[in-house]
Amino acid sequence: LKSQINPHFLFNALNNIYSMVYTHDDNAADGVLKLSEMLRYVLVDCQAEMIPLSKEIKYIENFIDFQMMRMGGHRDVTFLTDVEKEDFMIAPMLLQPIIENCFKYSRLETHTEGRVHVSIRQHDNSFCFEAMNTIAPNALPITSVGAEEKKSGIGLKNVQQRLMLHYGENYVFDIEQDKQTYKVKIEL
């Protein structure tokens, strides 16, 4: 379950870096470095059953930076962290499908009013992750875990299965959606 990475992201990332190199964009070297750090995390660090929260945060920062570099220009994207213990242990790649969905469904490239807001709070032995993204006008509804009338996306099913495997019943996984926003909350 934890070994999934979206191959489309990887192919798009390589194509974007190629485009930056071809046009002599000064961000090309940073793009290669960020992609290298993300791949190292996925291929090396994620082999462990649990990892320090600091590594998951670094992956998310790199992913967001890479997306922003790819899109260029100003976008309403925030990532806030309030972490007491950076060595707090978490299942690796647990949050990645949600972060990827935030960018995919907000359609920030074409939807100028799009927003992606993500936060991580960790104090004592508790952890709270919240992600909110706007939904582009006329977009199809995003499926949610457990919705019997809809098919759930594999990413969200993966997150729920991994939460159950690693945390038993000691977690909260809430999804809310209205016509304009999609919100996910995970508490451990």
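The values are calculated or read from the model by the stated rules, or taken from the named source; none is laboratory data. Note that this is a predicted model, so its numbers are computed, not measured. Quick reminder, even Gly has a Cβ in these numbers, built from the backbone with ideal geometry, and neighbours come from all protein chains shown.
Applying the condition of being of a type in the set (Asp, Glu) and closer than 21 Å to SER126 by Cβ to segment 72-100 and asking which residue is modelled with the lowest pLDDT yields GLU86.
Scan segment 108-133 for residues that are surrounded by fewer than 16 Cβ atoms within 10 Å (Cβ to Cβ) and farther than 18 Å from ASN170 by Cβ and jot them down. Selection gives GLU109, THR110, THR112, GLU113, SER119. Only one entry in PHE63, PHE88, PHE79 is surrounded by 17 or more Cβ atoms within 10 Å (Cβ to Cβ) and in contact (Cβ under 8 Å) with a residue 40 or more places away in the chain, namely PHE79. Selection over segment 41-59 of residues that are at pLDDT 85 or above, among the aliphatic types (A, V, I, L, M) and within 15 Å of the chain's Cα centre (by Cα) gives a count of 2. Annotation: of all residues in segment 101-119 being assigned to a helix (DSSP H, G or I) and touching a Gly at 6+ places or on another chain (Cβ under 7 Å), the one that is nearest to ASN62 (Cα to Cα) is ASN101.
All of (1) at pLDDT below 85; (2) crowded, with 19+ Cβ neighbours inside 10 Å hold for SER144 with one exception: (2).
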